[in-house]
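Asks: This structure is in structure tokens; I'll ask about it shortly.
The values are calculated or read from the model by the stated rules, or taken from the named source; none is laboratory data. Since this is a predicted model, take the numbers as computed values, not measurements. Virtual Cβ from ideal backbone geometry, glycine too; neighbours counted across all protein chains shown. Surface areas here come from the heavy atoms of the whole protein model, side chains and all, with no ligands, DNA or RNA. Shrake-Rupley method; radii C 1.70, N 1.55, O 1.52, S 1.80 Å.
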Amino acid sequence: VVKIVRRTLPELYLCPRCGKNTVKASINKSEGKATVICSNCSLRSSFISTGNMGPVDAYCTFVDQYHIRGN
């Protein structure tokens, strides 16, 4: 018997500031806006989302912006 392991995308991500697994990304498609918030250190960002952006894409954009700004 071969078991197929189906992986799902995580709901919480690693915070670039505090290092905890407490970042939640949400996308409001009606407004075209993505919001990413860390529930531990209150780091937050909101930006315009593109057409097919998912929560993982929003998180990656958030981390890129964090490192570019040098926070």
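Asks: Please compute the per residue accessible area over the chain with all protein chains in place, 1.4 Å probe, rounded to a whole number of Å².
Replies: For the chain, the per-residue accessible area is 76 Å².
Asks: How much mean residue ellipticity at 222 nm does the chain get from its helices, if each DSSP H run of length 4 or more adds -39500 (n - 2.57) and you divide by all residues, to the nearest 500 deg cm²/dmol?
Replies: After summing the helix terms and dividing by the residues of the chain, the value is -7000 deg cm²/dmol.
Asks: Oh, and also: Pick out, in residue order, every one of the trypsin sites (Lys or Arg not before Pro) in the chain that is DSSP loop and has at most 16 other C-beta atoms within 10 Å; say none if there are none.
Replies: Passing sites in the chain are LYS3, ARG6, ARG7, ARG17, LYS20, LYS29.
Asks: Can you send over the carbon and sulfur percentage of the accessible area for the chain, probe radius 1.4 Å, protein chains only? Could you put the intermediate results ahead of the total?
Replies: On the way: 2790 of 5390 Å².
Ligands and nucleic acids excluded, carbon and sulfur give 52 percent.
Asks: Let me ask something else. Can you work out ³J(HN,Hα) from phi for every residue in the range 26-36, in order, using Karplus 6.51 cos²θ - 1.76 cosθ + 1.60 and θ = phi - 60°, giving whole Hz and x for Gly and Pro?
Replies: Values, residue by residue: 9, 10, 9, 5, 5, 8, x, 10, 10, 10, 10 Hz.
Asks: On C-alpha positions alone, give me the angle between the axis of helix 55-69 and the longest principal axis of the chain, in degrees, nearest 10.
Replies: Long axis of 55-69 versus the principal axis of the chain: about 40 degrees.
Asks: Give me the percent relative contact order of the chain, please, defined on Cα pairs under 8 angstrom at least 6 residues apart.
Replies: About 24 percent, as a whole number.
Asks: Now for a different question. Using the Cβ atoms and a cut-off under 13 Å, what net charge is assigned to the surroundings of VAL36, where Lys and Arg are +1 and Asp and Glu are -1?
Replies: Every neighbour counted, the sum reads +1.
Asks: Is there a quick way to get the dipole size of the chain? I mean about its Cα centre, with the Cβ of Lys and Arg at +1 and of Asp and Glu at -1; what is the value in debye to the nearest 20?
Replies: With only Lys, Arg, Asp and Glu charged at Cβ, the dipole is about 220 debye.
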